[in-house]
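Peer 1: Provided herewith is a single structure, encoded as structure tokens, for subsequent inquiry.
The values are calculated or read from the model by the stated rules, or taken from the named source; none is laboratory data. As the structure is a prediction and not an experimental result, all values here were calculated from the model. Using ideal geometry, Cβ is built from the backbone for each residue, glycine included, and neighbour counts are taken over all protein chains shown.
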Amino acid sequence: MHFYEPGEGNGLPHSPLNAIVAPRPIGWISSRAGDGTLNLAPFSFFNAFNYTPPIIGFSCTGQKDTARNCAETGEFCWNLVTADLAEAMNASSASVPPEVDEFALAGLEPAASRVVEVPHVALARVVFECRTSQIVPLTTADGETTPATVVFGEVVGVHIDTDLLVDGIYQTTKADPVLRGGGPSTYYRSDDTHRFEMPRPGTD
């Protein structure tokens, strides 16, 4: 077994953390600054955290525009990254000044949302419209601050391409989602090749 204490370094060419906790859904977040400037950025650390009400969250490290926008306007949208949007998602990850509109940079059209004022990616096959619920700066176990901030949002509107619903059940792989892996540029696609069903004990 390779063992290391993170505070002392890992002794490997690249940190394995991102590769171990993988593949992960991508937090492709659209937001709007207080002055109206649109922002679109992907985040590697993203997930869902609560059923009722539905709450999602993403960790923002070094990319402060999105966290600031979510605080200023209290709103954001999550956009599903599918294989056909992978290049555009990657283009939107460029480090640019706050006044740059990443929708335009990535060649994407924004679409008006139904509940929140922040627009979403028009071509996204699934969209969560969210209201910011918490913004939590992360600290170490010793209470020291880190560069990371987690933004949580309550999902108040959901858009789903009806082609992704079969008998009312959302088909995860039919959307051809792009997932984040380890390393600086590793991604995965998901299909049904290795799918299996495993009901919980005590359920039919």
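Peer 1: Can you report the number of residues in region 82-121 which are under 17 Å from ASP176 (Cα atoms) and either surrounded by fewer than 17 Cβ atoms within 10 Å (Cβ to Cβ) or not β-branched (Val, Ile, Thr) (or both)?
Peer 2: Qualifying residue count for the region: 8.
The rows are residues; the columns are (1) under 16 Å from the mean Cα position of the chain (by Cα); (2) small (Gly, Ala, Ser); (3) in a loop (DSSP other than H, G, I, E, B); (4) modelled with pLDDT under 95.
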| residue | (1), (2), (3), (4) |
| --- | --- |
| LEU108 | no, no, yes, no |
| ARG114 | no, no, yes, no |
| GLU117 | no, no, yes, no |
| PHE128 | yes, no, no, no |
| ARG131 | yes, no, no, no |
| GLY143 | no, yes, yes, no |
| VAL150 | yes, no, no, no |
| VAL158 | yes, no, no, no |
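Peer 1: Among the candidates VAL115, VAL121, VAL150, VAL158, which residue alone is of a type in the set (Val, Ile, Thr), in contact with an Asp or Glu (Cβ under 7 Å, 6 or more places away or on another chain) and touching a residue at least 24 places away in the same chain (Cβ under 8 Å)?
Peer 2: One residue alone meets the criteria, VAL115.
Peer 1: Kindly check whether there is at least one residue in region 171-178 that is part of a helix (DSSP H, G or I), among the basic types (Lys, Arg), more than 19 Å from ASN50 (Cβ to Cβ) and at pLDDT 95 or above.
Peer 2: Looking for residues that are part of a helix (DSSP H, G or I), among the basic types (Lys, Arg), more than 19 Å from ASN50 (Cβ to Cβ) and at pLDDT 95 or above, one finds at least one in region 171-178, hence yes.
Peer 1: For region 1-87, please list each of the strands (runs of 3 or more DSSP E) lying entirely inside it that holds at least 2 residues being modelled with pLDDT of 95 or more, among the small types (Gly, Ala, Ser) and within 23 Å of ILE135 (Cα to Cα).
Peer 2: 27-32, 55-61
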